[in-house]
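The next block holds one structure in the form of structure tokens; read it before the comments.
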């Protein structure tokens, strides 16, 4: 009986392969993929309609989590008060892009993503420049067109902070957006 009690205490304190199964956050094999995607966004900048062009890409982990990067820049003319004859404002931003994919194998499925980064805007091409912080969460619906191509439609909100240039505020760059994404890769 004494040896059985010692064996039981040893098993409780130190575990035994026959009695305990190791628990881990990730189990089984890790599946990887990746993608690159041109992106077009429709939004407002400085109170005017603006088209932003850019791209995103990332490493896909187990078909459900993406770690990547993204960047966008204004592709349309954005005027500045008092400067009606020239393109007055350039704005671009980028950063870390995180995404959760829900039901990746379904023909139509959802994703939730967030960009966290920074950017800058400049007046009159070479005028004053101001750096800003950007946080941009969004929701998307993706269509699996082929095994290597997906079409996504989505939207979200771009929060811009730390605007310091006189005559502008955070709200001039913060806005809702809609987007069209064409992803190419191994999903």
Test of understanding: among 130, 170, 162, which residue is surrounded by 15 or more Cβ atoms within 10 Å (Cβ to Cβ) and either within 26 Å of residue 31 (Cα to Cα) or free of Cβ contacts under 8 Å to residues at least 60 places away in the same chain (or both)? 130
When you scan region 56-75, do you find a residue that is buried (at least 19 other Cβ atoms within 10 Å of the Cβ) and in a loop (DSSP other than H, G, I, E, B), even just one? no
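What are the residues in region 133-144 that are more than 12 Å from residue 104 (Cα to Cα) and surrounded by 13 or more Cβ atoms within 10 Å (Cβ to Cβ), if any?
Pass one, region 133-144, residues more than 12 Å from residue 104 (Cα to Cα): 133-140.
133, 134, 135, 136, 137, 138, 140 - these are the residues of region 133-144 that are more than 12 Å from residue 104 (Cα to Cα) and surrounded by 13 or more Cβ atoms within 10 Å (Cβ to Cβ).
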What residue, of 145, 101, 132, 141, is in contact with a helix residue (DSSP H, G or I) (Cβ under 9 Å, 6 or more places away or on another chain) and modelled with pLDDT of 95 or more? 132
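The values are calculated or read from the model by the stated rules, or taken from the named source; none is laboratory data. What you are looking at is a predicted structure, and each value in this text was computed from that prediction instead of being measured. Here the Cβ is made from the backbone with ideal geometry for all residues, glycine too, and neighbour counts use every protein chain on show.
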